[in-house]
């Protein structure tokens with residue numbers, strides 16, 4: 001008997017969708033772990049950072065919030081909202097469950113967010129990542145993003161590491177997981 005392959009599906013939904021809660025909980029724990037000393041110095045919490053933007057910022061027609069579901073459970077996700085000009089989307093909160101990393105899942109979410117941004121009329125992406133997230137830096141550089149900071153500088157002196165990418169229209173591939181639209185919240 002052969003093992004069944006998991007079914008992956010992108011779901012466009014709201015940040016209030018209960019399916020997203022395990023991802024937000026994990027992201028909060030990750031931020032707390034990586035940046036505990038910084039939070040002690042400057043104040044604030046990871047939870048406050050995650051709740052910094054209203055849910056409407058990530059809602060169509062100007063934003064998006066997507067989950068990658070595996071057999072109905074959220075394993076990864078990300079979002080975007082408008083940036084400073086009407087052509088630029090700012091990507092936020094791209095995150096994958098720790099036990100599933102290094103399998104190309106975040107790369108798939110990033111590509112899906114880029115495709116959705118193009119569908120919504122954006123031509124450029126701006127994003128930042130934290131200075132203690134070398135995995136994210138590697139992901140963005142390997143996915144065609146340009147660092148808007150000195151890559152040779154000590155990341156701790158830069159703090160927020162900004163990137164940009166100019167988008168091109170994306171052609172859907174047969175290998176893409178199906179898309180679901182709708183909210184569970």
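Coordinate-derived values only; no laboratory data. Treat the numbers as computed from the prediction; the structure is a model and nothing was measured. Neighbour counts run over all protein chains shown; Cβ positions are idealised from the backbone, glycine included.
Below, the figures for the structure above:
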read-out: Simple label model, 7 Å out from Cα along Cβ direction - residue 87 to residue 152, nm; value: 3.1 nm
read-out: Rg(Cα)/(2.2 N^0.38 Å) for the stretch 99-170, N = residue count; value: 1.15
read-out: Antiparallel bridges, percent of DSSP beta bridges restricted to the stretch 8-181 (to nearest 5); value: 80 percent
read-out: Distance between modelled label sites at residue 56 and residue 103, nm, 7 Å Cα→Cβ extension; value: 3.8 nm
read-out: Label point distance in nm, residue 111-residue 143, each placed 7 Å from Cα along Cα→Cβ; value: 1.1 nm
read-out: Value of Rg to Rh for the stretch 8-181 (Rh from inverse mean 1/r over Cα pairs, i.e. Kirkwood); value: 0.94
